[in-house]
1. Which order do the peptides 100-110, 343-353 come out in when sorted by mean C-beta neighbours inside 10 angstrom, highest first?
2. Output the DSSP H helices from the chain with an along-axis C-alpha extent of no less than 30 Å and a mean Kyte-Doolittle hydropathy no less than -1.0.
3. Once Rh is set to the Kirkwood radius over Cα pairs, what Stokes-Einstein translational diffusion coefficient, in µm²/s, holds for the range 190-298 at a temperature of 4 °C and a viscosity of 1.567 mPa s?
4. Write down the accessible area per residue of the chain in Å², having rolled a 1.4 Å probe over the full set of protein chains.
5. Which residue fluctuates the most in the chain, going by a Gaussian network model with Cα springs under 10 Å, if the choices are Ala175, Ala246, Ala282?
6. Assigning unit charges at the beta carbon (Lys, Arg +1; Asp, Glu -1) and nothing else, what dipole magnitude in debye, to the nearest 20, does the chain show about its Cα centre?
7. Would you list which lysines come within 26 Å of Lys182, measuring only between C-alpha atoms, while excluding same-chain residues fewer than 8 positions from it?
8. Between Ala226 and Ala336, what length in nm is gained on full extension when 0.36 nm per residue of separation is reduced by their alpha carbon distance?
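The values are calculated or read from the model by the stated rules, or taken from the named source; none is laboratory data. In this text, all values refer to a predicted model and were calculated from it rather than measured experimentally. In this analysis, Cβ positions are derived from the backbone assuming ideal geometry, glycine residues included, and neighbour counts consider all displayed protein chains. What goes into the accessible areas is simple: the full protein's heavy atoms, side chains included, and nothing from ligands, DNA or RNA. Shrake-Rupley method; radii C 1.70, N 1.55, O 1.52, S 1.80 Å.
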Amino acid sequence: MKIDTGSTAWMLASTALVLLMTPGLAFFYGGMTRAKSVLNMMMMSWVAIITVTIAWVLYGDSLSFGTGNGFIGGLEYLGEHGLVNDASRVPGLPDLVFSAFQLTFAVITVALISGAIADRTRFGAWAVFTVGWATLAYFPVAHWVWGGGWLSSLGIEDFAGGTVVHVNAGSAGLALAIVLGKRRGWGKEPMRPHSLPLVLLGAGLLWFGWFGFNAGSALAANGTAALAFMNTQIATAAAAGGWLLAERFRDGKPTTLGVASGAVAGLVAITPACAFIDPWAAIVLGLLAGVICCYAIGLKHRLGFDDSLDVVGVHLTGGAFGALSLGFLAAYPLVAGQRKGLFYGGGVAQLGVQALGPVAVGLYSFAVAWILATIIDKTMGFRVSAEDEATGVDVTQHAETAYEFGSIHLGHTASPADTSAGQQVGDREAELVTGGR
């Protein structure tokens, strides 16, 4: 089949943009944690790139997009067999470009989960979980919605992953937060972000990469990509504004953490809808998403689960809201027979399907994550010890610290007490590196 060079170039660029989102997420999450956990938090995103890439190449692509049944794909693409120098899956696009693009979605979805369990997670256990959850949850769900599975047959609309990515990850994050339990001191001690500049940097990288995430999902350089691109910008800006307004009304002051969180909430909510709705509707969707997610993050305190970085409040809530909104706002069908939303003359059937998708995916992902996390916790241990948590998972899991405070601090020479404290941290690092020798 003839290759469309323009669309191929756009998809290569989009793939790189989506991959950039995972290091961007590492900055976003890393800045939100305490200083003693930032490296561990960032490493949890980085290791997802490693483990999910290998799993995707070996069997993930095949299970997601191979010819199978309504629940799982076939085995014809194991090891990417038959995809080299072929362009049969998407007209005009090399199969390996499509595969690489979808791989980056799998990576970021797994990485998103990690924010729910910051400050208290064993790194090796997390690495094992990434492979298990991607295999048992992400690959099947991608097939359900995008690979010709049962939700696709029902007519669900999910352009770039509101259900596949965000509901899927948010539900798994909730399960992990419950299995691992609360951080020690949660609700009693301040656990503020240690670096808001890192949070803003990460949010900016996510916003930038999300244009590839959403507009790239058109799989071509065309008008659909243009609509998705524009709606992504509109909804994200509106959601950031909506979150700030909610903060101003509720707390009296808008915050930098709020504008970053609001932007991410808008990106999440517009993801399933970006190519199906009018630009004016993107403003409405974004504003509502910002306000809804701003208030949703407070539910963890009422319900008693420690979702450290608000994966549930932003990704589960925002993804479900964006998916459900298509039952009302869908205006541009991409395939013949696709239904419009209620506001454009459609019936309730599409609304029902848009509600069913997040519920089914959410329950399935929660169950898979719960079972996997419980098995890992009972066998190798998922949570660090109380002593290691108090010391900090950067030192205990990686024998490193993000910041060196041992000699000079805030422009003055260290006092004997400062030097002693710094020496204790250095001794602890050296002990971990040498095994106590």
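1. Working: 100-110: 24.9, 343-353: 15.1.
Going from most to least packed, we get 100-110, 343-353.
2. Helices meeting the criterion: 5-32, 223-251, 349-379.
3. Here the translational diffusion coefficient equals 93 µm²/s.
4. I get 40 Å² per residue for the chain.
5. Ala246
6. On the way: 22 positive and 27 negative charges, 182 e Å.
Using only the charged Cβ atoms, the result is roughly 880 debye.
7. Lys36, Lys300, Lys378
8. 37.6 nm
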